[in-house]
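The structure appears right after this line, and notes come after that.
The values are calculated or read from the model by the stated rules, or taken from the named source; none is laboratory data. No experiment lies behind these values; they were computed from the predicted model shown. Neighbour counts run over all protein chains shown; Cβ positions are idealised from the backbone, glycine included. Accessible surface areas use protein heavy atoms only, side chains included; no ligands, DNA or RNA. Shrake-Rupley method; radii C 1.70, N 1.55, O 1.52, S 1.80 Å.
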Amino acid sequence: MKTFNLGTSLLILLFLFVTHCLETEAQVCRPSGNIRGRKPPPGECNKENDSDCCAEGKLYPIYKCSPMVSGNTKAVLTLNSFQKGGDGGGPSECDNQYHSDDTPVVALSTGWYSKGRRCLNDIIISANGRSVRAKVVDECDSTMGCDGDHDYQPPCNNNIVDASKAVWEALGVSRDNWGEMDITWSDA
């Protein structure tokens, strides 16, 4: 009888452990609120790289978190210009500089940007059977948007790696497919 109780107890503990692990893995980052879109003043939203401009009255979700980072974090790669006058808006958050579109640089969603903890560190982006090393220079703000500081663009989703043209080229993506693409990334 003691063996049965011990076996049953171990089975219950194993079940609880597996359930806990599955719940932890299934945790998702949920929106922390919304902001209402404002129509940009004429000529104030840079539509380079097919960037979206905020729509008057539309609700946009905001996020203070991003999915957990792993050795193979799933994300969406988007296209951004980090050059002066580009659709990225002002200078990069990490170094207050503009960066050439020919340099592999990225902005990460707010949660992954982690209050600047990844600033000027490299990440490895993989897709299309290739990998590229890129430097984190900016935050793709998931908590704010639809204002002058954000070029009147909506907040980023919580799973964005916003990349320069050099990243897209290094991944071997043809120009007619630039815009959004599923990728994985990891800290270098």
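Annotations
- Across the cross-link table entries 135/165; 47/84; 115/165; 47/74; 64/115, which are compared at the Cα atoms, the separations over 20 Å belong to 115/165; 47/74.
- Accessible carbon and sulfur surface of segment 31-187 relative to its total accessible area, %, 1.4 Å: 44
- For the chain, the share of DSSP beta bridges that are antiparallel, to the nearest 5, is 70%.
- Length-normalised contact order for segment 101-188 - Cα pairs under 8 Å, 6+ apart - percent: 40
- Relative contact order of the chain: 27 percent, from C-alpha pairs under 8 Å at least 6 residues apart in sequence.
- Label-point separation, residue 96 to residue 48 (7 Å along Cα→Cβ), nm: 2.2
- Sorting the segments 160-167, 97-104, 78-85 by their residues' average number of neighbouring beta-carbon atoms within 10 angstrom, most packed first, yields 160-167, 78-85, 97-104.
- Charge dipole (Cα centre; +1 on Lys/Arg Cβ, -1 on Asp/Glu Cβ; no other charges) of segment 31-187 amounts to roughly 420 debye.
- Tilt relative to the chain, helix 2-26 - C-alpha long axis, 0 to 90 degrees, to 10: 10
- Probe 1.4 Å, protein heavy atoms only - accessible area per residue of the chain in square angstrom: 59
- The chain - mean residue ellipticity at 222 nm from DSSP helices (-39,500 (n - 2.57) per run, n ≥ 4, rounded to 500): -5500 deg cm²/dmol
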